[in-house]
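Asks: The structure under discussion is supplied below as structure tokens; questions concerning it will follow.
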């Protein structure tokens, strides 16, 4: 199957049937982030065990199908991972989207490999990267 065909099939599947999607109220512990370039908005809930293993991740996204699909794939990739591993995965994925890593880097993340199809399109990349930036914001240590 060609990358473009696989891209449309995978994006459609994840946008119509997003994994770990849940209606989230704006409450403490839920990150709310807006993509200022297009108006997409994500609500992201992340809960870790005392050992810093991801116990729960859920999102609600009001926006385009690409952002929704990317968030769905992201939540599947990071499930049950340690916080430091999630940070490393986020950094690797975002650096790949920024052109700092070869596109084949995405191949190790299963469905996420289809996002290689959007690498030449900076506007679409913002949509694909948006949930990943939100996750980084949610788990990044706060420094005061």
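Asks: Looking at segment 86-98, which of its residues are part of a helix (DSSP H, G or I) and either under 20 Å from residue 37 (Cβ atoms) or in contact with a helix residue (DSSP H, G or I) (Cβ under 9 Å, 6 or more places away or on another chain) (or both)? Steps first, please.
Replies: Pass one, segment 86-98, residues part of a helix (DSSP H, G or I): 86-97.
Within segment 86-98, 86, 87, 89, 90, 91, 92, 93, 94, 95, 96, 97 qualify.
Asks: Are any residues in segment 24-52 surrounded by 12 or more Cβ atoms within 10 Å (Cβ to Cβ) and out of contact with any strand residue (DSSP E or B) (no Cβ under 9 Å at 6 or more places or on another chain), and if so, which ones?
Replies: Scanning segment 24-52 gives a single hit, 38.
Asks: Another question, if that's okay. May I ask you to list the residues in segment 78-102 that are surrounded by 15 or more Cβ atoms within 10 Å (Cβ to Cβ) and within 15 Å of residue 133 (Cβ to Cβ)?
Replies: Of everything in segment 78-102, those that are surrounded by 15 or more Cβ atoms within 10 Å (Cβ to Cβ) and within 15 Å of residue 133 (Cβ to Cβ) turn out to be 78, 86, 87, 89, 90, 92, 93, 94, 96, 97.
Asks: Listed residues 116, 56, 62, 126; which is crowded, with 18+ Cβ neighbours inside 10 Å and more than 13 Å from the chain's Cα centre (by Cα)?
Replies: Values: 56 fails: crowded, with 18+ Cβ neighbours inside 10 Å; 62 fails: crowded, with 18+ Cβ neighbours inside 10 Å; 126 fails: more than 13 Å from the chain's Cα centre (by Cα).
Criteria check complete, one pass: 116.
Asks: State whether the residues of segment 99-121 include one that is in a helix (DSSP H, G or I) and in contact with a strand residue (DSSP E or B) (Cβ under 7 Å, 6 or more places away or on another chain).
Replies: Let us first name the residues in segment 99-121 that are in a helix (DSSP H, G or I), namely 103-118.
Cutting the leftovers down to in contact with a strand residue (DSSP E or B) (Cβ under 7 Å, 6 or more places away or on another chain) gives us none.
No, segment 99-121 has no match at all.
Asks: Something else now. Six or more apart or on different chains, Cβ atoms under 6 Å: show the pairs whose first residue is in segment 1-27 and in contact (Cβ under 8 Å) with a residue 40 or more places away in the chain and whose second is surrounded by 11 or more Cβ atoms within 10 Å (Cβ to Cβ) and not in a helix (DSSP H, G or I).
Replies: Taking only residues 6 or more apart or on different chains, the pairs are 20/57; 20/58.
Asks: Output yes when any residue across segment 68-85 is closer than 16 Å to residue 137 by Cα, assigned to a helix (DSSP H, G or I) and free of Cβ contacts under 8 Å to residues at least 40 places away in the same chain, and no when none is.
Replies: Scanning segment 68-85 turns up at least one residue that is closer than 16 Å to residue 137 by Cα, assigned to a helix (DSSP H, G or I) and free of Cβ contacts under 8 Å to residues at least 40 places away in the same chain.
We did not get these values from a lab; they are worked out from the coordinates using the rules stated. In this text the structure is predicted, and so the values were computed from the model without any measurement. Positions of Cβ are generated from backbone atoms using ideal geometry, with glycine treated the same way; all protein chains shown enter the neighbour counts.
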